[in-house]
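As structure tokens, the structure follows; a few thoughts come after it.
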Amino acid sequence: MQRVLTDISGVVAAQTERGEKTKESPFGENYITTLLGDLDEPVFTTERDRIVQRRAALLNQLQLSSLAIPLEYVSHAIQLIDGQTNTEPDEDLRPPFVADALWTMTPGIGLAVSTADCGGILVADSTQPLVAAIHSGHAQSVRALPYRTIKQLPANPKNLKVYVSPLADVYSYEVSADFRGNFIDYFKRHFTSLGLDPADYFAEQELNVWTSREHKSPVVKIGTGFDNRRLILDQLLAAGILEANITVDQRNTMNPTQNLHSYRLDGYVRDEDAEMIARSPSGAQLSTIGISADA
């Protein structure tokens, strides 16, 4: 676990990582969430108790009393979490609410989003007790969720400090021509007011695509890369956040040497040319933030 946003009094925040894969923990010894197809896998039965223990340890380390993890079904919903919100998952650890962004002004509540190539965005106000957590993959970024969340918060954006988690970078995140065309068309139709050109977030270039976690060297191929990291950053800036207040973790989740969960690395079975031929389960890491109980 890596502590982040450590310079803001009364705020606790952390980024988890994958950890080493073991026989007992095939998704990594730090696996702490449930996501991306693994709920119905036999391994989940053996992992459940470990996940509960790891979540309790995370809360203890951050000195928080509860953990709100949304069910991320590309809802694009922005939800306030307060002392009256039910944050307890069911017996299968499924969250009780659906959202892609959470915010709170209530001390003791941890907000967490799970990612495995998407961006996890943690936000903290340096002048008042207010924090937020945003899950932004391509489906959220094309709908300007980072921008819309910042605009919805009862805060001056200039007082906000932000951490952006590791994600799939532009040199590994290969997309099709149809993906690019649909993305650009949707963004132009709905978010021209942001002053951003969606075509700027795609590049025809050399890509580094790993065929499996066991292969330490990637397949180099020409393709179209999607720069979600840059799009997230530009939306935060467009919302009024100062660039000096944004910390971007430059690690690439699709690079196995980084030891991070990656849906496209673990969840795609690829041939020797890095073309996807099947899918398999993948784990995810958590981006977590909260206001200290004694803040």
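The values are calculated or read from the model by the stated rules, or taken from the named source; none is laboratory data. Quantities reported herein were computed from a predicted structural model and do not represent experimental measurements. Note that we place each Cβ from the backbone using ideal geometry, even for glycine, and neighbour counts take in every protein chain shown.
Observations on the model:
- Subset of segment 254-271 (residues that are farther than 20 Å from S176 by Cβ and either of a type in the set (D, E) or not in a helix (DSSP H, G or I) (or both)): N255, N259, L260, H261, D266
- The set of residues from segment 68-85 being part of a loop (DSSP other than H, G, I, E, B), farther than 19 Å from I51 by Cβ and not charged (D, E, K, R) comprises Y73, V74, S75, H76, A77, I81, G83, Q84, T85.
- Selection within segment 72-92 - touching a residue at least 40 places away in the same chain (Cβ under 8 Å) and over 25 Å from H138 (Cα atoms): D92
- Sole residue being touching a Phe, Trp or Tyr at 6+ places or on another chain (Cβ under 6 Å) and modelled with pLDDT of 95 or more, chosen from A133, A124, A101, A144: A144
Yes/no matrix, rows are residues, columns are (1) out of contact with any Ser or Thr (no Cβ under 8 Å at 6 or more places or on another chain); (2) among the acidic types (D, E):
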| site | (1), (2) |
| --- | --- |
| P157 | yes, no |
| P166 | no, no |
| E174 | no, yes |
| D178 | yes, yes |
| G181 | yes, no |
| D185 | yes, yes |
| K188 | yes, no |
| D200 | yes, yes |
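- Residues that are in a loop (DSSP other than H, G, I, E, B) and surrounded by 24 or more Cβ atoms within 10 Å (Cβ to Cβ) were ranked within segment 100-120; the one that is farthest from the chain's Cα centre (by Cα) is D100.
- Test: residue in segment 207-220 that is over 21 Å from L286 (Cα atoms), without any contact (Cβ under 8 Å) to a residue 40 or more places away in the chain and touching a helix residue (DSSP H, G or I) at 6+ places or on another chain (Cβ under 6 Å): no
- Index of the failed condition, S65 passing every other in (1) modelled with pLDDT of 75 or more; (2) of a type in the set (S, T, Y); (3) closer than 24 Å to Y147 by Cα: (3)
- Residue match in segment 279-291 (condition: of a type outside the set (D, E, K, R), at pLDDT 85 or above and in contact with a Lys or Arg (Cβ under 8 Å, 6 or more places away or on another chain)): yes
- The set of residues from segment 149-179 being touching a residue at least 24 places away in the same chain (Cβ under 8 Å), more than 21 Å from the chain's Cα centre (by Cα) and under 28 Å from A203 (Cβ atoms) comprises S176, A177.
- For segment 145-177, filtering for residues that are of a type in the set (S, T, Y), surrounded by 21 or more Cβ atoms within 10 Å (Cβ to Cβ) and touching an Asp or Glu at 6+ places or on another chain (Cβ under 8 Å) leaves 3.
- When segment 178-208 is limited to residues that are at pLDDT below 95 and among the hydroxyl-bearing types (S, T, Y), the one that is surrounded by the most Cβ atoms within 10 Å (Cβ to Cβ) turns out to be T192.
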